[in-house]
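All of the numbers you see were taken from the coordinates with simple rules; none came from a lab. All figures in this text were calculated on a predicted structure; none of them were measured in a lab. Cβ placement follows ideal geometry from the backbone for every residue including glycine, while neighbour counts extend to all protein chains displayed.
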């Protein structure tokens, strides 16, 4: 996972939101909390996906940020190197991969204008366009669940809140999380609202 210092993250110490903002600012806030002797487990999440963000907090705040910056630079360099070595036509970014189909599928593809590759690309683009709302909802639901499971798994109504999230029932979700700690409820609700709104016409 990228450690881009500008990507938005959120940090929680137990049920309290410490900081939300660029990773560099969040890491600095968490470092200050840890240096102050906080005994609450501190977790950092990517604000978009709720994937955990690992940070090495050894040394002082400058050491922490220097390491994050170094990892970011190394990651960007590796991605650039992979892009230079990738096969295919650079202008289109075409990547050759094996596709296994039945003979009748190959026959049908061969009979289409432009051949198999053009037809497959068109089919994939059409499927992406038609399923984009469902895909966005699924990603938003997964992000909300990831956070809720990590921070609110022991809260009352957790399982019912998860069911409401996946049933796309905003009213039931709000009822189930109403008694949760303020910061946890607010962040979980913000993530869930992305799922409830995704794919809406």
**Message:** Could you give the length gained by full extension between residue 54 and residue 186, i.e. 0.36 nm per residue of separation minus their alpha carbon distance, to one decimal place?
**Reply:** 45.2 nm
**Fill in**
Full extension between residue 102 and residue 125 adds, at 0.36 nm per residue less the Cα distance, a length in nm of 6.1 nm
**Zone of residue 16's modelled label, taken as backbone nitrogen in the stretch 178-196 under 17 Å from a point 7 Å along Cα→Cβ** = 181-187
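Ranked highest first by average number of other Cβ atoms within 10 Å, how do 163-171, 113-121 line up?
Listed from highest to lowest mean packing, they are 163-171, 113-121.
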